[in-house]
Amino acid sequence: MINKGKFSAATAMAIVVANMIGTGIFTSLGFQLADIRSGFVIMTLWGLGGIMSLCGALCYAELGARLPRSGGEYNFLGEIYHPAAGFISGWISATVGFAAPTALAAMTFGAYLSSVFPALNPLWLATVLILSMTWIHSTSHKNSADFQGFFTSGKILLIVAFSFSALFFVGEPQEVSFMPKASDLSLFTGGAFAVSLIYVGYAYTGWNAATYLTSEIENPKKTLPRVLIVGTGVVMLCYLLLNYVFLTVAPMDAMAGELEIGYIAATSAFGDIGGTIMGISLSLLLVSTVSAMLVAAPRVLQVLGEDYSLFKTLAKKNKHGIPATAIWFQSFMAIIFLWTATFESILIFSGATMALNSFFVVFGVFIIRRKEDQNEETSFLVPLFPLPPIIFLMITAVTLVYLTLQNTEEIAFSAAVIIIGAVGYFLTKKYSFRTDLKTETS
């Protein structure tokens with residue numbers, strides 16, 4: 001599955017899928033149903049989020065083929081714009097981009113499991129999960145690959161099994177129309193749709209996960225585009241299926257404002273005993289999500305350590321080539337978020353900050369095409385260019401504007417994170433030096 005300390009394409013795809021399928025799909029519907037009660041509009045939201053993510057994946061695939069180094073946005077923005085942009089993006093990715101979502105996924109794991117076993121403390125369950133995954137992934141590529149592959153395969157099989165069995169066993173399906181109605185038009189043009197799209201966008205977050213460990217993927221110039229595109233497409237199909245099932249088997253009133261959407265839907269379809277079994281099973285789905293984030297995220301810290309002497313400790317690898325120090329540091333930041341912030345506040349500010357991060361990366365496709373020789377061969381180019389990046393940029397811009405107008409406190413926090421990153425760059429530049437130690441890739 002791995003070769004010479006590298007992750008295979010299959011493992012990289014498992015990391016993408018596991019990063020994406022996690023907190024968002026099993027919690028976001030509850031927030032959306034607070035203002036939107038149309039099956040057609042809800043399904044459109046998730047379809048639109050999938051299209052936006054595919055467009056983003058196409059753009060990242062081209063950039064990954066042109067700039068094949070680990071670090072994700074840190075690498076892309078630093079190369080396209082300026083090292084300062086890369087540093088700020090790396091800071092965002094390491095904190096808001098991964099530490100916060102890791103905390104969210106662990107928090108949801110704890111919420112699901114404690115809903116079945118009320119005596120268990122959800123925060124301690126989440127903490128134990130993070131520490132366990134950290135220990136596994138700080139050992140070797142083989143342990144990471146085997147664990148990630150097993151749990152991600154199980155995740156997909158469980159989603160498919162749950163979806164079809166729930167539709168089969170539900171006693172009385174809900175009367176939900178998935179066809180458009182005249183009253184839906186006002187929902188599409190309202191602020192609730194734009195804010196709900198942020199929740200959907202957050203659920204799809206992770207389609208770019210493989211770009212964080214490009215240097216550790218076998219033949220990244222050729223395999224990375226396939227990993228990003230196929231992984232995102234598989235998740236889009238899973239999301240549409242799951243939301244159709246949730247809306248069909250469970251009452252909207254029961255799900256509105258609730259986090260444990262999967263547990264509620266399972267209870268409606270299978271009864272209390274079946275719901276308990278599925279509640280445990282769905283909590284296990286989130287194990288692979290936390291696991292995948294603790295694989296991808298520390299590689300940003302690693303490349304920061306490779307480039308700046310002040311953070312060289314984070315670049316240290318164990319005898320198996322694993323950046324163990326960065327992994328434990330990332331885990332520590334996730335635990336801080338876990339114990340200090342609320343679920344919804346983390347979701348909104350992390351979703352908005354990462355959307356802004358991705359906005360500038362996708363825009364960078366236009367810049368790098370102008371900078372580089374158009375006759376230069378590259379293993380992947382965005383098809384139907386410039387349509388995919390335009391679609392991604394337009395949807396992202398609209399949602400960010402609405403979010404700024406309606407959630408000023410969270411946006412202010414996001415702005416503070418960016419400012420701290422900028423200050424951090426100038427302090428780092430003053431007290432450190434760039435080593436430009438770039439890992440060679442295939």
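The values are calculated or read from the model by the stated rules, or taken from the named source; none is laboratory data. Just so it is clear, the structure is predicted and the values come from calculations on it, not from any experiment. Don't worry about glycine lacking a Cβ; one is built from the backbone with ideal geometry, like all the others, and counts go over all protein chains shown.
The residues of region 89-106 that are more than 11 Å from Thr289 (Cβ to Cβ) and either outside any helix (DSSP H, G or I) or at pLDDT below 85 (or both), listed by number, are Gly90, Trp91, Ile92, Ser93, Ala94, Thr95, Val96, Gly97, Phe98, Ala99, Ala100. When every residue of region 139-155 is checked against the conditions, at least one turns out to be touching a residue at least 12 places away in the same chain (Cβ under 8 Å), part of a loop (DSSP other than H, G, I, E, B), more than 21 Å from the chain's Cα centre (by Cα) and more than 22 Å from Thr276 (Cβ to Cβ).
Within region 100-109, is even one residue surrounded by fewer than 19 Cβ atoms within 10 Å (Cβ to Cβ), out of contact with any Lys or Arg (no Cβ under 6 Å at 6 or more places or on another chain) and either hydrophobic (A, V, I, L, M, F, W, C) or farther than 23 Å from Ser331 by Cβ (or both)? Scanning region 100-109, I find no residue that is surrounded by fewer than 19 Cβ atoms within 10 Å (Cβ to Cβ), out of contact with any Lys or Arg (no Cβ under 6 Å at 6 or more places or on another chain) and either hydrophobic (A, V, I, L, M, F, W, C) or farther than 23 Å from Ser331 by Cβ (or both), so the answer is no.
Restricting region 263-296 to residues that are among the polar types (S, T, N, Q) and in contact (Cβ under 8 Å) with a residue 24 or more places away in the chain, the residue that is nearest to Ile21 (Cα to Cα) is Thr289. Ala57 satisfies every condition listed in (1) over 19 Å from Lys222 (Cβ atoms); (2) under 17 Å from the mean Cα position of the chain (by Cα); (3) surrounded by 24 or more Cβ atoms within 10 Å (Cβ to Cβ); (4) at pLDDT 90 or above except (1). Could you list, in sequence order, the residues of region 417-441 that are of a type in the set (Gly, Ala, Ser), more than 24 Å from the chain's Cα centre (by Cα) and either modelled with pLDDT of 80 or more or assigned to a helix (DSSP H, G or I) (or both)? The one that is of a type in the set (Gly, Ala, Ser), more than 24 Å from the chain's Cα centre (by Cα) and either modelled with pLDDT of 80 or more or assigned to a helix (DSSP H, G or I) (or both): Gly424. Among the residues of region 201-226, the one identified as aromatic (Phe, Trp, Tyr) and either in contact with a strand residue (DSSP E or B) (Cβ under 9 Å, 6 or more places away or on another chain) or not in a helix (DSSP H, G or I) (or both) is Trp207. Close Cβ contacts (under 6 Å, 6 or more residues apart or on different chains) running from residues in region 55-79 that are closer than 15 Å to Ala12 by Cα to residues that are surrounded by fewer than 24 Cβ atoms within 10 Å (Cβ to Cβ) and aliphatic (A, V, I, L, M) comprise Ala57/Ile229. Within region 80-93, can you find the residues that are surrounded by fewer than 24 Cβ atoms within 10 Å (Cβ to Cβ) and among the aliphatic types (A, V, I, L, M)? Matches in region 80-93: Ile80, Ala84, Ala85. When the residues of region 280-333 are narrowed to those that are β-branched (Val, Ile, Thr) and within 26 Å of Gly154 (Cα to Cα), which ends up surrounded by the most Cβ atoms within 10 Å (Cβ to Cβ)? Restricting to residues being β-branched (Val, Ile, Thr) and within 26 Å of Gly154 (Cα to Cα), the top hit is Thr289. The residues of region 162-172 that are surrounded by 12 or more Cβ atoms within 10 Å (Cβ to Cβ) and part of a loop (DSSP other than H, G, I, E, B) amount to a single one, Val170.
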